[in-house]
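The values are calculated or read from the model by the stated rules, or taken from the named source; none is laboratory data. Remember, predicted model here, so these are calculated numbers, not experimental data. Glycine gets a Cβ as well: all are built from the backbone with ideal geometry, and neighbour counts include every protein chain shown. Calculation scope for accessible area: heavy atoms of the full protein, side chains included, ligands and nucleic acids excluded. Shrake-Rupley method; radii C 1.70, N 1.55, O 1.52, S 1.80 Å.
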Amino acid sequence: MTKRDRIGEPWGGRTPYGRGAEWPVRVDTHLAAGVGEEQVERWVQSASLLHSNGDAMDIAVRGGEVVGVRGRAVDRVNRGRLGPKDLFGWQANASPDRLTTPLVREGGALVPTDWDTAMDRVVRRSRELLDEQGPSALGFYTTGQLFLEEYYTLGVIAHGAIGTSHVDGNTRLCTATAAQALKESFGCDGQPGSYSDIDHADVIALYGHNMAETQTVLWARVLDRLAGPEPPELICVDPRRTEVARLATVHLAPRPGTNVPLMNALLHEIIRTGRVDHDYVEAHTVGYRELARQVEDYPPERAAELCGVPAESIREAARVLGGAERLLSTVLQGFYQSHQATAAAVQVNNVHLLRGMLGKPGAGVLQMNGQPTAQNTRECGADGDLAGFRNWANDSHVADLARIWNIEQSKIPHYSPPTHLMQMVRYAEQGTIRMLWVSGTNPAVSLPELSRIRAVLAQQRLFLVVQDLFLTETAELADVVLPAATWGEKTGTFTNADRTVHLSDKAVDPPGQARPDLDIFLDYARRMDFRDRDGQPLPQWHDAESAFEAWQRCSAGRPCDYTGLSYAKLRGGSGIQWPCDEEHPDGTERLYVDGAFFSAPDYCEDYGKDLVTGAPVEPTEYRAMNPSGKAVIKAAEYLPPHEAPDEEHPFALITGRTLFHFHTRTKTARAPQLDAAAPQVWVELSAADAREHGIAEGDVVEVTSPRGAIRAQARISHLRERVLFVPFHYGYWDLAEDGGRSGEAGDRAANELTVTDWDPASKQPLFKTSAARLTRVGPAPTPAPAPTNTASRPVSPDVPGTRGGADAVAEERLAQERPAEEPSAEGRPDTTGGPR
């Protein structure tokens, strides 16, 4: 057994393995100070909630409290490993400032009350608005952190019982482009690839995906391949010199907003050098000729001029991609939150379609997710789409959903595309949405152009309901605040980025009067007296397992088929990948194995959109273009960003994540080890730009955009020149007793600066194409409070390294070191063997 500082060494020790071999088991454990494994009373099965990887773990319980976590060796996703947020994030559950009672606004202030009073206000306002204005007066904005059962219930209430199309999740900020790119190419959401493709790939390409920080355990899998025989080559596309870039065979650092010309140049070279699998393209795709014509205009020299990347580096990357025998590609926010997001992400799919690299070990695409349950938001209809990947533009799909819910088809809104978040904000601003119910997210920090967002949420005419764990910046503006239970305090399932479904059991009671989100939604439905066509309650289920069974019926026959799963089947072993049905009782590791896609006109989830205007493709147009349901190769031309750097604002501003925090830090800032690793916001800039502006490491600087300004200490890093990076996590709740903004120190939330703009196809807001100006304010006595072991690594060797100390030590135990009868999640001897 090894003990290791997992803040200083986030990815833990190496367990090298070779191509095609099985990833070795390594079980990571962290318990509260003074607690040994022999003192743990129960281990309760769960999976990680603070990222999208889906690391399976057991929650340690003692005396009715969570006292630590341990990775699950049996699970296919992590083989026992846990990342820093897994190991330390659980401590937030027991924070003394958890919401424990409902709050209502009285005389301008939020005051404690009981559930009846709070829910009566929500129900009364709902009924008033339904009578006065109809369903479109109500909107729901949820998260990527609830459970499948909760999303499905919310979707049924919003779409089926109320009939509003104003439903979205904060997954709009992180994975809307993933979903749309998959729909554009394959006719339906759902990852073609699998995490196990890392075991077989000879080339792994990461496009705007800082896997080392966003999915630490998956990156540990890559590190173990790199440390073993036959290591894969890595391609990294990222303007920052991330840990991925440091180990890449080729690192391409394009100018922000130029991903499309870069991808077009790579495709140009793949075609020019004869690396296209024409048999596969002919048999399984449509659209190749248009793509070939389009990318003729993007030789590497032209892309080099647009992107600021050497033409020879583009040729080298294309050579590696074109020569791969097994190519795995992953994509994340560097593409999704940038200009022409969907167009660029689709070109990654095109690389695989041209090379026939789908459906076999090591050959796949992972259009990644940013949050733990983002996939469920999309599957269940809590992002505005119809449940079960049904097509809102296909009347037979709507009729099928009405049959399942036993309601009139006309009740389900489907006469136009679902309302996306930024449009909902606009409707609230204009006064047509009069009630907004926010669950598990914090738009007062996470949305672009915060001064506008705060003004919209604070309107007197908007009835704002917030359902959360803490009094967030958004909750402070609410009319009613509902205290919610969280991970470990309720039971449910969730699905990670490679379609693996995990069960998370309740380990302890929630504090005070806090309730599971499912119970709150069902309570609302009962008080509203929603009924189906037979006068039965809508929804009819009453707890998590009955909600899961209802979802199974909804998913039957659809691409995300859960009918072969059950709580009993998920309990005790590994997570299982959907589709899991009678034909695939053990789940499905990879989609599109035989070149058959979910894209038939009568079956597909989406007919696609124009990548420039976002206009939906008409059903008749799609049928004519793709009558036999092949994959769609979709070309895109480059268009300049709406807001480019200029003389007044000469920098391109990009925002993003850091390894040690999640979303707006409501949980991670309450975990001491994570908070100490990145306690304050910072601004990154290149050494050349620092010299030009007379800025030293740690100096206080001001970043100004056309929308606002923030102040922070400067980290001089290996960032591309003329680019600034600011982590988006930092709001204001921990700066003053009243939760107000920072006053004399200046604002610090990155989204004070970002532009209101979104991708035309996915409607995902763009956080990586704003223009900004940089000004030195003055010196500071310390280096910037940024980690040194991430993409924020300083240029200067004199900055002290990031360490966690004794409180951040976790145990790592290899397979041969594990006790023969280690207790399982059910308290039985653990007889688990290898992965599925």
Task: All positions within the range 384-403 that are in a loop (DSSP other than H, G, I, E, B) and either β-branched (Val, Ile, Thr) or open to solvent by 10 Å² or more (accessible area, probe 1.4 Å) (or both) - done: Asp385, Trp392, Ala393, Asn394
TODO: Output the number of the condition that Val111 fails; it satisfies all remaining conditions of (1) closer than 21 Å to Leu462 by Cα; (2) in a helix (DSSP H, G or I); (3) of a type outside the set (Lys, Arg); (4) free of Cβ contacts under 8 Å to residues at least 60 places away in the same chain.
DONE: (2)
Task: Residue list for the range 563-579, filter: assigned to a loop (DSSP other than H, G, I, E, B) and in contact with a helix residue (DSSP H, G or I) (Cβ under 6 Å, 6 or more places away or on another chain) - done: Thr563
TODO: Residue by residue through the range 31-60, note down the ones that are closer than 21 Å to Thr666 by Cα, at pLDDT 95 or above and open to solvent by 10 Å² or more (accessible area, probe 1.4 Å).
DONE: Ala32
Task: Filtered residues of the range 229-244 (kept if open to solvent by 10 Å² or more (accessible area, probe 1.4 Å) and outside any loop (DSSP other than H, G, I, E, B)) - done: Glu233, Glu243
Task: Of the criteria (1) buried (at least 23 other Cβ atoms within 10 Å of the Cβ); (2) in a helix (DSSP H, G or I), which one Cys560 fails - done: (2)
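Scan the range 353-366 and tell me whether some residue there is touching a Lys or Arg at 6+ places or on another chain (Cβ under 9 Å) and in a helix (DSSP H, G or I).
Step one: list which residues in the range 353-366 are touching a Lys or Arg at 6+ places or on another chain (Cβ under 9 Å), which gives 354-355, 357-364.
Pick out the ones that are also in a helix (DSSP H, G or I) and you get 354-355.
Yes, the range 353-366 contains at least one residue that is touching a Lys or Arg at 6+ places or on another chain (Cβ under 9 Å) and in a helix (DSSP H, G or I).
Take the residues of the range 285-303 that are buried (at least 21 other Cβ atoms within 10 Å of the Cβ) and under 31 Å from the mean Cα position of the chain (by Cα): which is farthest from Ala341 (Cα to Cα)?
Within the range 285-303, the match that is farthest from Ala341 (Cα to Cα) is Thr285.
Of the residues that sit in the range 84-108 and are among the polar types (S, T, N, Q) and outside any helix (DSSP H, G or I), which one is nearest to the chain's Cα centre (by Cα)?
Ser95
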- [ ] Having 3 or more residues that are touching an Asp or Glu at 6+ places or on another chain (Cβ under 9 Å) and open to solvent by 20 Å² or more (accessible area, probe 1.4 Å) is the bar; report the strands (runs of 3 or more DSSP E) wholly within the range 655-730 that clear it.
- [x] 708-717
- [ ] Go through the range 252-282 residue by residue and tally those that are open to solvent by 50 Å² or more (accessible area, probe 1.4 Å) and assigned to a helix (DSSP H, G or I).
- [x] 4
Open item on the list: Tell me yes or no: at least one residue of the range 349-356 is at negative phi, touching a His at 6+ places or on another chain (Cβ under 8 Å), open to solvent by 10 Å² or more (accessible area, probe 1.4 Å) and at pLDDT 95 or above.
Closed with: no
Task: Considering residues of the range 563-576 that are open to solvent by 10 Å² or more (accessible area, probe 1.4 Å) and of a type outside the set (Ser, Thr, Tyr) only, the residue nearest to Asp75 (Cα to Cα) - done: Gly573
Open item on the list: Given (1) in contact with a strand residue (DSSP E or B) (Cβ under 8 Å, 6 or more places away or on another chain); (2) buried (at least 24 other Cβ atoms within 10 Å of the Cβ); (3) of a type outside the set (Lys, Arg), identify the lone condition not met by Cys174.
Closed with: (1)
Task: Scan of the range 755-790 for residues that are open to solvent by less than 40 Å² (accessible area, probe 1.4 Å), more than 30 Å from Ser185 (Cα to Cα) and touching a strand residue (DSSP E or B) at 6+ places or on another chain (Cβ under 7 Å), ordered by number - done: Ala771, Ala772, Leu774, Gly778, Ala780, Ala784, Pro785, Ala786, Thr788
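Does Thr258 count as touching a helix residue (DSSP H, G or I) at 6+ places or on another chain (Cβ under 6 Å), among the hydroxyl-bearing types (Ser, Thr, Tyr) and under 30 Å from Ala771 (Cβ atoms)? Walk me through how you get there before you give the answer.
Numbers: touching a helix residue (DSSP H, G or I) at 6+ places or on another chain (Cβ under 6 Å): yes; among the hydroxyl-bearing types (Ser, Thr, Tyr): yes; under 30 Å from Ala771 (Cβ atoms): yes.
So Thr258 passes the test.
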- [ ] Could you give me the residue pairs with C-beta distances under 6 Å whose first residue belongs to the range 629-649 and is open to solvent by 80 Å² or more (accessible area, probe 1.4 Å), whose second residue is not in a strand (DSSP E or B) wherever it lies, and which are 6+ apart or on separate chains?
- [x] His642/Asp757
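Does Asn406 meet the test of being open to solvent by 10 Å² or more (accessible area, probe 1.4 Å), modelled with pLDDT of 95 or more and on the phi > 0 side of the Ramachandran plot?
Working: open to solvent by 10 Å² or more (accessible area, probe 1.4 Å): yes; modelled with pLDDT of 95 or more: yes; on the phi > 0 side of the Ramachandran plot: yes.
In short, yes.
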Open item on the list: Can you tell me which condition Arg81 does not meet? The list is (1) among the charged types (D, E, K, R); (2) open to solvent by less than 10 Å² (accessible area, probe 1.4 Å); (3) touching a helix residue (DSSP H, G or I) at 6+ places or on another chain (Cβ under 7 Å); (4) outside any loop (DSSP other than H, G, I, E, B), and all the others hold.
Closed with: (4)
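Of the residues Gly18, Gly8, which single one is touching a helix residue (DSSP H, G or I) at 6+ places or on another chain (Cβ under 9 Å) and more than 26 Å from Thr500 (Cα to Cα)?
On the way: Gly18 fails: more than 26 Å from Thr500 (Cα to Cα).
One residue alone meets the criteria, Gly8.
I'd like to verify a number: residues in the range 409-433 that are open to solvent by less than 60 Å² (accessible area, probe 1.4 Å) and within 29 Å of the chain's Cα centre (by Cα), how many? Write out each step before concluding.
Residues of the range 409-433 open to solvent by less than 60 Å² (accessible area, probe 1.4 Å): 412-414, 417-425, 428-429, 431, 433.
Still in the running and within 29 Å of the chain's Cα centre (by Cα): 412-414, 417-425, 428-429, 433.
Here the count works out to 15.
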Task: Residue in the range 580-597 that is modelled with pLDDT of 95 or more, surrounded by 22 or more Cβ atoms within 10 Å (Cβ to Cβ) and part of a helix (DSSP H, G or I) present - done: no
- [ ] For residues that are assigned to a helix (DSSP H, G or I), farther than 14 Å from Pro254 by Cα and touching a helix residue (DSSP H, G or I) at 6+ places or on another chain (Cβ under 8 Å), tally how many sit in the range 283-314.
- [x] 6
Open item on the list: I'd like the residue in the range 146-188 that is under 20 Å from Ser416 (Cβ atoms) and either of a type in the set (Ser, Thr, Tyr) or part of a loop (DSSP other than H, G, I, E, B) (or both) and, out of all such residues, is nearest to the chain's Cα centre (by Cα).
Closed with: His166
